[in-house]
Amino acid sequence: MRLARLWYTGKKQTGVIAMLLDSVPRVRLLSGETPLEPALRLGSELGLPLLIKRDDVMSLGMGGNKVRSLEFWLGEAMSQGCDTVLVGGLPQSNLCRLTAAACARLGLDCLVVHNAPEPGAREIPQGNALLNRLMGVRTLYCGAVDEYERARQLRIQAEVLRAQGHRPYIIGDPVTGALGYVAAAFELCSQAERMGAPLRHVFISASAGPTETGLLFGLCLTGGITVHLVSVEYPEDEFYRAAQPIFSALCERLGITPAVQPQNAARFYGGWLGGGYAVPTPGALEAVRLLARTEGVFIETVYNAKVLCALSDMARGGRLPAGETVCFYHTGGAPALFGQAAQFFDGPAL
Ligand SMILES: *Cc1c(COP(=O)(O)O)cnc(C)c1O
């Protein structure tokens, strides 16, 4: 196994990541790099050089981080000759919406399983649920069960499809999904270098998923950047219990082990989680308004708002090294904001 720290050296490095991912099946769903933009007004309000990595800006299905993972999930599905893609999540899941969109583009059948009660016939869908309905994706509701029961329901549906002669593929293997964010890490470094921005810090949400682990793996390889993981779901020990096996499997799959340990490249913050996953905090709601007011950019309250809240609290409290360039990694999900209006305004919707 190669033990490596691939100091980022421009064009040559893009070649290295291309080589590492060369043998992995992938379908192209992105039309190129997503923008890396200076956030001058927000940066000046917070007193730091600030960039935003815009993974909310993609041509497919209103974009978001899951598109990068879907390039590899659906690459795997197609290389196995699968004809039906299964995915599970809550009705406001960005993953379900983007899987349905990618399947629409690729001409694959898609089955979405929501762990929620079936909505009433007169209930008007909002946010991602609306987009799913407009795509006409086949949807099953398995009641308000937890994610383990939902996963079991997905496996049952896959068996049913197999018995009917279909070749189902269940979305969600975290290692395959993380490959998209290994590639994203190199994309980010390459863009920062071309902009002449000495990027030193990246802030991103931490749940238990492929996104932050893939990014962390990629940034451990390139070196020199601290990854600030802001918890939106789990405490630190639980996060690393999920992330460590993904990280090790990436070493195995790509045949390369970063010289930097994930814990040495990352800092983890549990203090902005508030009441738990998807429970908004006053600071998160304020962060949504802050970004909208200064940059005209929108984030939702489950993931990105808590990250920006942490970033701005730390910047204002002088807890970030003066003058060092910081990137806020926008993972998308803005369509979910349209289902979150009641968090900002109580009273009847307009
Ligand atoms: C799913 C999601 C995340 C988290 O990604 P994981 O890979 O599951 O950790 C972050 N932000 C948004 C907008 C998402 O939809």
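Listing for the model above:
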| item | result |
| --- | --- |
| Built amide H within the under 5 Å cut-off of Ala206, gap 5+ | Val230, Ser231, Val232 |
| Estimated vicinal HN-Hα couplings, Hz - segment 42-50 in sequence order (Karplus 6.51, -1.76, 1.60; Gly, Pro = x) | 5, x, 6, 5, 8, x, 8, x, 10 |
| Helical mean residue ellipticity (222 nm; -39500 (n - 2.57) per DSSP H run of 4+; nearest 500) of the chain | -14500 deg cm²/dmol |
| Leu111 long-range amide H proximity, modeled H, under 5 Å | Val85, Leu86, Val87 |
| Ordering of 137-143, 163-169 by packing [mean C-beta count within 10 Å, highest first] | 137-143, 163-169 |
| Farthest toward positive dipole pole in the chain [+1 Lys/Arg, -1 Asp/Glu at C-beta], among Val24, Gly196, Gly75 | Gly196 |
| Cα gyration tensor category, rounded, prolate or oblate, for segment 83-166 with a/c compared to 1.5 | oblate |
| Any cysteine of the chain lacking a neighbouring Cys Cβ under 4.7 Å - listed by number | Cys82, Cys96, Cys142, Cys189, Cys220, Cys251, Cys309, Cys327 |
| Cα gyration tensor, segment 90-220 - rounded (a/c under 1.5), prolate or oblate | prolate |
| Whole-percent carbon and sulfur share, accessible surface of segment 83-166, 1.4 Å | 52 percent |
| Surface accessible to a 1.4 Å probe, per residue, for the residues of segment 83-166, Å² | 53 Å² |
| Surface accessible to a 1.4 Å probe, Met135 within the full protein complex, Å² | 70 Å² |
| Accessible-area ranking of Val57, Val230, largest first, probe 1.4 Å | Val57, Val230 |
| Label zone at Gln244, where the point sits 7 Å out along the Cα-to-Cβ direction: segment 252-268 residues whose backbone N lies under 14 Å | 261-264 |
| Accessible surface of segment 221-350 [probe 1.4 Å, protein heavy atoms]: carbon and sulfur percent | 56 percent |
| Kyte-Doolittle at least 0.5, axis length at least 30 Å by Cα - qualifying DSSP helices, the chain | 174-195 |
| Over the chain, equivalent-ellipsoid semi-axes from the Cα gyration tensor in Å | 31, 27, 17 |
| Selected from Gly136, Pro235, Leu51, residue furthest toward positive end of dipole (the chain; charges at beta carbon) | Leu51 |
| Probe 1.4 Å, protein heavy atoms only - accessible area per residue of segment 267-326 in square angstrom | 41 Å² |
| Protection proxy ranking, peptides 145-152, 73-80, 296-303, average beta carbon neighbours within 10 Å, highest first | 296-303, 73-80, 145-152 |
| Derived scalar couplings ³J(HN,Hα) [segment 83-92; Karplus, 6.51 cos²θ - 1.76 cosθ + 1.60; whole Hz; x for Gly, Pro] | 10, 9, 10, 10, 8, x, x, 6, x, 9 |
| For Ala116, residues with placed amide H under 5 Å, excluding near neighbours | Cys142, Gly143, Val145 |
| Heavy-atom SASA rank of Glu324, Glu159 (probe 1.4 Å, accessible area, largest first) | Glu159, Glu324 |
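The values are calculated or read from the model by the stated rules, or taken from the named source; none is laboratory data. Just so we're clear, the structure is a prediction, and the values are computed from it rather than from any experiment. As a convention, Cβ positions derive from the backbone with ideal geometry for all residues, glycine included, and neighbour counts pool all protein chains shown. What goes into the accessible areas is simple: the full protein's heavy atoms, side chains included, and nothing from ligands, DNA or RNA. Shrake-Rupley method; radii C 1.70, N 1.55, O 1.52, S 1.80 Å.
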